[in-house]
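As structure tokens, the structure follows; a few thoughts come after it.
The values are calculated or read from the model by the stated rules, or taken from the named source; none is laboratory data. Note that the structure is predicted; figures quoted are calculated from it, not measured. Counting neighbours? That spans all protein chains shown, and the Cβs are built from the backbone with ideal geometry, glycine included.
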Amino acid sequence: MAISYRAWRDGDDLELLAIWGDPDNYQARYFRSALAVSSAGTPGAPWRRCIVAEDVVDGIAVAVGAGVVYEASLHTERLWAYIEVARDHRRSGIGSTLLRMLRAEASDSPSGVTRLRAKVIGETPGAAFAAFAGLAPIQRSRLVVVQPAALSLPVFGSSDGATGQGEDAGSDIVMDLATGSVELTDVVGRYYSSIHSWDSPGVISMGQVQRQFLDDLTGAHGALVLRARPASAFGAGVAPSRKGRIRAFAISYAEAADPQAAEEDSGPERPTDVFVGHEPDLDPTDAAEAVRDMLSLLAYQHPVMVEMDDSMTALRAAIEPLLAGGKATLAAPDTLIVAE
Ligand SMILES: CC(C)(COP(=O)(O)OP(=O)(O)OC[C@H]1O[C@@H](n2cnc3c(N)ncnc32)[C@H](O)[C@@H]1OP(=O)(O)O)[C@@H](O)C(=O)NCCC(=O)NCCS
């Protein structure tokens with residue numbers, strides 16, 4: 001092998017695809033899209049450095065590996081990193097050399113941020129390489145499919161005192177909300193911050209919440225909220241004029257995060273990809289109950305897929321018993337977020 005290194009050029013993605021073949025896993029598939037021409041960092045195009053490793057095959061230079069570091073728009077305390085090497089070129093130090101070069105680039109990042117972060121799948125070469133490179137797990141994330149009717153539907157009382165079950169009951173409690181709603185955007189942003197103490201997203205503006213989770217480009221196409229029962233400030237005899245506070249929310253997306261994995265692991269019906277969260281000021285028991293009720297509504301007739309980090313305590317309280325009882329399944333092996 002005669003390995004040399006150069007900056008990424010347009011067209012390298014196709015050349016590498018031909019050499020690499022299918023990605024090792026769904027995280028590799030996602031991060032391949034981060035390999036792109038280096039950027040000095042402008043609004044909408046974060047700072048990025050991307051390096052290609054070439055070998056000489058029959059006298060011709062052929063790309064065999066690549067690595068990238070780039071600034072994140074959220075979670076700005078670290079840079080994202082991704083490295084991939086062709087299977088027949090692994091374990092000969094190319095990954096380590098790419099990482100060393102990327103670290104040198106990172107030492108000049110305009111923000112001054114140099115620490116790295118990556119996503120790997122447990123028990124894979126990527127995880128072993130991350131450990132070798134000194135990146136330790138800071139979070140585990142699981143893709144879970146909740147099977148239809150895994151949870152019994154909640155019984156909601158309506159403000160006029162009647163009780164009923166399921167989607168049609170409690171119309172002042174379960175509501176559709178436009179994804180552009182300010183009230184929704186606010187609770188989504190505060191929930192997201194509350195579950196990321198392990199890798200701070202910093203102060204998230206309403207615009208960032210919209211761009212990240214809610215606008216059309218994210219694939220978001222509907223939102224459901226579970227509200228507290230509305231109450232009148234003038235006592236039980238007076239009809240409340242305001243809606244109750246949001247306790248839990250769910251945003252559904254047009255495509256499953258990993259349709260292939262979801263199809264393979266959960267039968268023919270493709271689960272809907274949903275982001276479920278709660279008002280972060282709820283006490284833990286209330287939050288767990290709200291999230292459980294929301295999930296029971298979402299997965300009443302059709303499977304849903306959620307990404308569940310270990311830091312999402314309320315979601316875990318609802319889903320871990322389902323995993324143990326076979327009413328929910330893992331759609332993919334665990335992802336580890338590793339960092340320094
Ligand atoms: C991770 C990856 C880039 C490593 O590339 P590489 O060129 O094989 O890495 P190196 O040869 O520099 O390996 C450096 C060290 O990492 C560890 N390592 C790498 N692959 C390993 C494996 N399959 N099993 C155990 N340890 C491994 C070893 O300690 C190795 O040192 P050694 O060979 O002297 O024992 C490559 O396996 C890959 O492309 N995986 C798929 C994409 C991916 O998961 N990327 C990780 C996200 S950053």
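Taking the criterion of being within 29 Å of residue 20 (Cα to Cα), acidic (Asp, Glu) and either within 16 Å of the ligand (Cβ to nearest atom) or at pLDDT 95 or above (or both), would at least one residue in the stretch 164-184 satisfy it?
no
In the stretch 17-29, what residues are surrounded by 15 or more Cβ atoms within 10 Å (Cβ to Cβ) and more than 26 Å from the chain's Cα centre (by Cα)? Reasoning before the result, please.
So in the stretch 17-29, the residues surrounded by 15 or more Cβ atoms within 10 Å (Cβ to Cβ) come out as 19-20, 24-28.
Listed by number, the list holds a single entry, 19.
Name the residue, out of 280, 321, that is at pLDDT 95 or above and either at positive phi or part of a loop (DSSP other than H, G, I, E, B) (or both).
Working: 321 fails: either at positive phi or part of a loop (DSSP other than H, G, I, E, B) (or both).
After ruling out the rest, the residue left standing is 280.
Can you tell me how many residues within the stretch 117-146 are β-branched (Val, Ile, Thr), in a strand (DSSP E or B) and either within 13 Å of the ligand (Cβ to nearest atom) or in contact with a Pro (Cβ under 6 Å, 6 or more places away or on another chain) (or both)?
Keep residues of the stretch 117-146 that are β-branched (Val, Ile, Thr), which gives 120-121, 124, 138, 144-146.
Going one step further and asking which of them are in a strand (DSSP E or B), we end up with 120-121, 138, 144-146.
Checking which are either within 13 Å of the ligand (Cβ to nearest atom) or in contact with a Pro (Cβ under 6 Å, 6 or more places away or on another chain) (or both) leaves us with 120-121, 145.
Final tally of qualifying residues: 3.
Filter the stretch 52-67 down to the residues that are among the aliphatic types (A, V, I, L, M) and within 11 Å of the ligand (Cβ to nearest atom) and list them by number.
53, 64, 66
Out of the residues in the stretch 191-226 that are in contact with a strand residue (DSSP E or B) (Cβ under 9 Å, 6 or more places away or on another chain) and in a helix (DSSP H, G or I), which is farthest from residue 338 (Cα to Cα)?
214
So which residues in the stretch 83-116 are in contact with an Asp or Glu (Cβ under 7 Å, 6 or more places away or on another chain) and more than 8 Å from the ligand (Cβ to nearest atom), if there are any at all?
Step one: filter the stretch 83-116 for residues in contact with an Asp or Glu (Cβ under 7 Å, 6 or more places away or on another chain), giving 89, 109, 111, 113, 115-116.
Hits for the stretch 83-116 are 109, 111, 113, 115, 116.
Output the number of the condition that residue 93 fails; it satisfies all remaining conditions of (1) within 24 Å of the chain's Cα centre (by Cα); (2) surrounded by fewer than 17 Cβ atoms within 10 Å (Cβ to Cβ).
(1)
Can you name every residue in the stretch 195-211 that is buried (at least 17 other Cβ atoms within 10 Å of the Cβ) and more than 14 Å from the chain's Cα centre (by Cα)?
204, 208, 210
I'm trying to understand the selection: among the residues of the stretch 95-110, which are assigned to a helix (DSSP H, G or I) and among the hydroxyl-bearing types (Ser, Thr, Tyr)?
96, 97
Using the structure shown, decide if residue 49 is basic (Lys, Arg), more than 10 Å from the ligand (Cβ to nearest atom) and loosely packed, with under 13 Cβ neighbours inside 10 Å.
In short, no.
Is it the case that the stretch 69-85 has a residue that's of a type in the set (Lys, Arg), more than 24 Å from the chain's Cα centre (by Cα) and not assigned by TED's automatic domain parsing to the domain that holds residue 208? Quick ask: steps written out before the conclusion?
Within the stretch 69-85, the subset of a type in the set (Lys, Arg) is 78.
Checking the rest, the ones that are also more than 24 Å from the chain's Cα centre (by Cα) come to none.
Checked the stretch 69-85: no residue is of a type in the set (Lys, Arg), more than 24 Å from the chain's Cα centre (by Cα) and not assigned by TED's automatic domain parsing to the domain that holds residue 208.
Show the residue pairs meeting these rules: Cβ distance below 8 Å; 6+ apart or different chains; first residue within the stretch 103-131 and in contact (Cβ under 8 Å) with a residue 60 or more places away in the chain; second residue assigned to a loop (DSSP other than H, G, I, E, B) and hydroxyl-bearing (Ser, Thr, Tyr).
111/76
Can you find even one residue in the stretch 284-300 that is assigned to a helix (DSSP H, G or I), touching a helix residue (DSSP H, G or I) at 6+ places or on another chain (Cβ under 8 Å) and surrounded by fewer than 16 Cβ atoms within 10 Å (Cβ to Cβ)?
The answer is yes, given that some residue of the stretch 284-300 is assigned to a helix (DSSP H, G or I), touching a helix residue (DSSP H, G or I) at 6+ places or on another chain (Cβ under 8 Å) and surrounded by fewer than 16 Cβ atoms within 10 Å (Cβ to Cβ).
Report every pair of residues separated by at least 6 positions or lying on different chains whose Cβ atoms are under 8 Å apart, first residue within the stretch 24-49 and more than 28 Å from residue 90 (Cβ to Cβ), second in a loop (DSSP other than H, G, I, E, B) and within 16 Å of the ligand (Cβ to nearest atom).
Hits for this filter: 46/72.
Mind listing just one residue for me: the one in the stretch 4-16 that is within 16 Å of the ligand (Cβ to nearest atom) and not acidic (Asp, Glu) and, of those, surrounded by the fewest Cβ atoms within 10 Å (Cβ to Cβ)?
4
Residue under question is residue 316, and the condition is that it be assigned to a helix (DSSP H, G or I) and modelled with pLDDT of 95 or more; does it hold?
The answer is yes for residue 316.
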